[in-house]
Each structure stands twice: as structure tokens, then as C-alpha cells.
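Enquirer: Submitted below is the structure of interest, expressed as C-alpha cells.
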Amino acid sequence: MEVKNNAQRSFNEVLIEDGFYVLKFQNEQDVNVGYSREINKKFIQFHFCLKGKGTFSFNQGTYSLNVTEENSLLLYNTQLDLPLNLKLAPKSSIVSVVMTLRKFHSLFTAEADYIPFLSTDNKEKKYYAQEPFSPSIAVILSQIINYNLHPSIKALYVKGKIYELIALYFNRSPNADIEQCPYLADEENVKKIKLAKEIILDRMAEPPTLPELASEIGLSLKRLKEGFKQIYGDTVYGFLFDHKMEYARKMLETGQFNVNEVGLKVGYSTASHFISAFKKKYSTTPKKYLTTLKQKLRQLFFLN
């Protein structure tokens, strides 16, 4: 079920099976965005913040819990409904897994003693936990958010990834990351790949070549390529292209720059090259995009 989806804000819900679903929240706007959904006391909730920050409010806003980048929040209360009221910060993304307690218990029937809150003494109590998640979980979350698959296999793909996510969440083996994600086994490698992202964004008009980038961050070219794709769900230059086009679109919307100026700012030496890239991304030229935008603004003005 697609509740809201545009270039800057989206909320996507995928039903895994009865009583078990995943929610994907993304906010690329410059302001907070709110989401609400009813969730009753029969459900357990897992929230994973891949980027940015989110705030979950309870009891009509009198109590709240934050979940920040690369951290998770687990919560349930068998005595009280916990509806989802999320305020998502700008440039943030969260993946939430929600399932009935019955379904959750069925996943761990033989291992109930391994998980403290599944024990008989605790099963009727409320429970919440906040903790950072591993690089291997970050990879899965990125895959869940960024997949590009045929609609006929989307549900199956997401289901497999969610089961993998839950398994890794409860896996306390010190070798879990190495076995799951060899290129990101070392936390230092993750930091280097994040540095690579910062470098290409800072120098988007004249980015380094991939070999230069790999050398600068101290990784092999192979590890840079595969690690970047695992964390960000795209190639280095594919990620950079999307960023440049989004940056260019916002510059155009200010009305302070012409097409040539915007193109130069994001690294295109000629207007024709920039126009071609913009059309590839948005299926329209910069000029037509602005014309359409102005028409929509006029319509809103007259409606109000």
C-alpha cells in the first residue's frame, strides 16, 4: 500500500503476511514530516533509523522516544495500545517492522530462553530497548529502501530481507558481521565509505575518479564499489548523479539562477549537457519543469 510518495517524502507499507508488515519512511524535505498509524497492543514494533532522526510520541504527545541514525528502537506493551506517531526529521529514513506477538513468538519457539523478554515471566510485561545496529543490518535496511524490482517479486524480496533483518538483530555472535558482509566486517571500512560519500558531495562539480577516491580513503577499488553499493544502494556515480540533480532542481526553484549557472554549479561545462542530464532524471527539461511549477503555484494561489 502506497500512502504517500513523491520526490521528497514517501511512506510505503508492504504486507509480509497476515499480522506482519514493514513500513518505510523517507523525508528528503527541509522540514519535519509527521506520520500516524494505528497499532494495537497485539503487536511488537521494531524501528530502525538508517539516516537522520525520528521521534515517536505516545500518550497524546506527553511522552516521546528518539531514534537516531544507525540506532534501533524495539517496543511493545501488552496492556496498552501503542499507535505510531512519528515525526521524521529532514533528510531522514526509517524502516519499521511490525508483527503480532503471536507471530513473533512463533519465530523463536525453540529459542525463547535466549531472548529475555520472551520468557514466561516477562511475556505479559511492557518492554522497550534502544541500541545501535551493526553494519550488516545497515546494508539490509539500505536494500529494503533502495530496491528496484519487478512488482511481482517485490513482496517476496522484502519478506526475505525482513526475516534476515530480524535474525541479525537477535544474533549476538561476534562474527555475525564478518559472515554476513565481508567487505563491511571492519567498522573502519564503513567509516571510510561514508567519508567517500562526503568527498564526492563536497566536490560534486569536480569529483575524483574512482581510483583517486579509493586511494584517498584508503580502500581498494573493489571494496569501495561493493561497500558503497551495499550501504547506499547505488553506485558511487549513480548516487552522485541523483544528488546533483536534486541540488540543481532546488537551485532552479529559488529563481535566483539561470540554467547555465545551475549547470556549472553541479559540474556541467555546457548547458546542453546539463539539460540532457536533468531530462534523464526528471523526464522534462529545466525550463519546462519551472513552467509547470509556476502553473501549479498559480493554481494553488487562486484556490486559496
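Enquirer: Return the subset of K161/K244; K53/K244; K225/K280; K103/K161 for which the Cα-Cα distance in this structure is over 25 Å, preserving the input order.
Expert: Working: K161/K244 30 Å; K53/K244 23 Å; K225/K280 23 Å; K103/K161 17 Å.
Where the Cα-Cα span goes over 25 Å, the pairs concerned are K161/K244.
Enquirer: Still on this model: Of the peptides 33-45, 90-102, 238-250, how do they stack up when ordered by the mean number of other Cβ atoms within 10 Å, highest first?
Expert: Values: 33-45: 15.5, 90-102: 20.2, 238-250: 17.4.
Going by the mean number of other Cβ atoms within 10 Å, highest first, we get 90-102, 238-250, 33-45.
Enquirer: What is the sum of charges, Lys and Arg at +1 and Asp and Glu at -1, for the other residues whose Cβ falls under 12 Å from the Cβ of Q256? It would help to have the intermediate numbers written out before the result.
Expert: Numbers: positive: K250, K265; negative: E253, E261.
Value of the local net charge: 0.
Enquirer: Please compute the contact order of the stretch 50-111 in relative form: average sequence separation of alpha-carbon pairs under 8 Å and at least six residues apart, divided by the residue count, as a percent.
Expert: Numbers: 65 pairs, mean separation 25.1, N = 62.
For the stretch 50-111, the relative contact order is 41 percent.
Enquirer: Cα centroids of the stretch 141-170 and the stretch 36-95: how far apart, whole angstrom?
Expert: The stretch 141-170 and the stretch 36-95 have Cα centres spaced 20 Å from each other.
Enquirer: In whole percent, and with a 1.4 Å probe on the protein chains, what portion of the accessible area of the stretch 189-255 is carbon and sulfur?
Expert: On the way: 1680 of 3240 Å².
Within the stretch 189-255, the accessible surface is 52 percent carbon and sulfur.
The values are calculated or read from the model by the stated rules, or taken from the named source; none is laboratory data. From a predicted model like this one, the values you see are computed outputs, not experimental measurements. Cβ: placed from backbone, ideal geometry, glycine included. Neighbour counts: every protein chain shown. Ligands, DNA and RNA are stripped out before the accessible areas are found, and what is left, the full protein with its side chains, is counted by its heavy atoms. Shrake-Rupley method; radii C 1.70, N 1.55, O 1.52, S 1.80 Å.
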